[in-house]
Every structure is written in structure tokens, then in C-alpha cells.
1. Please determine, by comparing only the residues of segment 187-196 that are touching a helix residue (DSSP H, G or I) at 6+ places or on another chain (Cβ under 7 Å) and either in contact (Cβ under 8 Å) with a residue 60 or more places away in the chain or within 9 Å of the ligand (Cβ to nearest atom) (or both), which one is nearest to Ala122 (Cα to Cα).
2. Which one of these is in contact (Cβ under 8 Å) with a residue 24 or more places away in the chain, assigned by TED's automatic domain parsing to the domain that holds Val64 and away from the ligand (no atom under 16 Å from the Cβ): Ile104, Ile99?
3. Does Ser173 satisfy being more than 9 Å from the ligand (Cβ to nearest atom) and crowded, with 16+ Cβ neighbours inside 10 Å?
4. Just to check your reading of the model, which residue among Arg143, Arg147 is over 22 Å from Met106 (Cα atoms), within 14 Å of the chain's Cα centre (by Cα) and within 16 Å of the ligand (Cβ to nearest atom)?
5. Residues being more than 15 Å from Lys170 (Cβ to Cβ) and at pLDDT 80 or above: count how many of those fall in segment 16-27.
6. Considering (1) surrounded by 15 or more Cβ atoms within 10 Å (Cβ to Cβ); (2) farther than 22 Å from Gly180 by Cβ, say which one Gln110 fails and leave the rest.
7. If you check Phe125, Phe179, Phe150, which single one turns out to be more than 26 Å from Phe30 (Cα to Cα), modelled with pLDDT of 90 or more and buried (at least 19 other Cβ atoms within 10 Å of the Cβ)?
8. Is there a residue being assigned to a helix (DSSP H, G or I), farther than 16 Å from Ala40 by Cα and not hydrophobic (A, V, I, L, M, F, W, C) anywhere in segment 113-125?
Amino acid sequence: MNKNTRVLILRNFKRYFSNSKIELNYCSLFELLIFIMLSAKSSDIQVINVTKKLFLYISKPSDVIQLGFKKLKDIIRSVGLFNKKAIFIFKTCRYLIDIYDEKIPMDIDQLLQLPGVGRKTANLFLNIVLKKNFIAVDTHVFRVANRTGFAVGTSVNIVEKKLFRVVPAKFQSRIHTWFGLHGRSFCKSISPKCSSCIINTWCEYFNKIKK
Ligand code: SF4
């Protein structure tokens, strides 16, 4: 895909999604981190419902330790991979207490040291908090980037690097939101809505299947 085509896609995303937001339910950096950690393999609605209850009990890492692992697990039971997520959240809270005096570090390398925090979580967290160009590649971003031919890669790290290379700086902070919304509304994993898709003119997948 060439540079001009990418710009046309980005302009369409901007026009279509400029007033849309991915819903996040949080009041502090700690809550935001927990919200993002719970988001993998779960719908926004599931995470919003779980955090509505969870954040009644916790507002800092030591609250999680006080709550206890079993209760934490019970509260987040309706999100995907809840057992693994409970383990990671518990370990991360201990780490934040021991190393950072309950504060959340604002550096990507330090964030990546937290148990269960990978590049997607760290990038999304910093993108939201610092409003800077961190591109979080989740399953939707990965799928849209590959299917369209916008940034092809076999792993999320490769796609992240390619997106950084090909997306103009002024659009980079919006990529996660636009690709995510597009992946949820049109470019679904099963049965993408190609015929009504807002960028089908430039999509490599669509141009291949319609031949
Ligand atoms: S045309 Fe289809 S495959 Fe291409 S971006 Fe749109 S929904 Fe996805």
C-alpha cells in the first residue's frame, strides 16, 4: 500500500470516527491501568460492568492486597481469562507497593516490568495519559492493519513498528482508537462488513475477494 492510499484511509477514519471514543471507566491512573489490564479478550461492556463493582473496593494497590486474591477473582469472574488476570493484578499491585510506593511509573520500560503488562497495555496507558504517540496494537488494530495491507506483519511488535514508520506523526496518537473502532464496527474478525465498509475502495483484502 502506498503513502497516498494510507492518507486517504486515515482521512476517512478521522471523518467517520472523530466524535467516537472507546469507552473507558476510570477516575485515576491506577484505575486506568487496572481497566486496561482487564480488557484483553473481553468486551468493553464486560469490563465496564466489572470495574463498576471493583472500583467500589479499590482505588490504590494496597486496597487490592487488602481485598484479597479470592474476592478479586470473584469480582472479575465475568471477564475473559479472569484467573490469569487476577494473578497479574495481584502481583502488579505488590510490585507497585514495593518498588513505586503505590504510584504508577510513567516510563514504558518501567511499565513493562509490571507483571502482566505487555506493550499493548503500556502503550495504551501512556497514549491516554500523556496524549503522546504510543501505538497500542491489540487484536483489532492487528487485524485491520494486516487485512487492509496498511501495515502487514506477523506479530504485534512488527505491526507496531510498521505503523510508526508509515503513519504521519499527527495521526499516530489516534491510530489505536480509529483502527479499534473500525475493527469492531466493520472489519470484524468473522464476517467483515466489506460491502458497506468506509474504506473498501482502498482495502487490499476487499479488492482481492471481489475479483
Ligand atoms: S473492506 Fe472488509 S476487510 Fe477491508 S477494511 Fe473494510 S471490512 Fe475490513
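1. Filtering segment 187-196 for residues touching a helix residue (DSSP H, G or I) at 6+ places or on another chain (Cβ under 7 Å) gives 187, 189, 194.
This time we only want the ones that are either in contact (Cβ under 8 Å) with a residue 60 or more places away in the chain or within 9 Å of the ligand (Cβ to nearest atom) (or both), so: 187, 194.
On the way: Cys187: 25, Cys194: 32 Å.
Of everything passing the filter in segment 187-196, Cys187 is nearest to Ala122 (Cα to Cα).
2. On the way: Ile99 fails: in contact (Cβ under 8 Å) with a residue 24 or more places away in the chain.
Answer to the check: Ile104.
3. On the way: more than 9 Å from the ligand (Cβ to nearest atom): yes; crowded, with 16+ Cβ neighbours inside 10 Å: yes.
So Ser173 passes the test.
4. Numbers: Arg147 fails: within 14 Å of the chain's Cα centre (by Cα).
After ruling out the rest, the residue left standing is Arg143.
5. Within segment 16-27, the subset more than 15 Å from Lys170 (Cβ to Cβ) is 16-17, 19-27.
Remaining after also requiring at pLDDT 80 or above: 16-17, 27.
Residues that pass the stated criteria total 3.
6. Condition not satisfied by Gln110: (1).
7. Numbers: Phe125 fails: more than 26 Å from Phe30 (Cα to Cα); Phe179 fails: more than 26 Å from Phe30 (Cα to Cα).
Selected residue: Phe150, the only one of Phe125, Phe179, Phe150 that is more than 26 Å from Phe30 (Cα to Cα), modelled with pLDDT of 90 or more and buried (at least 19 other Cβ atoms within 10 Å of the Cβ).
8. Residues of segment 113-125 assigned to a helix (DSSP H, G or I): 119-125.
Subset that is farther than 16 Å from Ala40 by Cα: none.
The answer is no, given that none of the residues of segment 113-125 is assigned to a helix (DSSP H, G or I), farther than 16 Å from Ala40 by Cα and not hydrophobic (A, V, I, L, M, F, W, C).
The values are calculated or read from the model by the stated rules, or taken from the named source; none is laboratory data. No experiment lies behind these values; they were computed from the predicted model shown. So basically every Cβ, Gly included, is an ideal-geometry build from the backbone, and we count neighbours across all protein chains shown.
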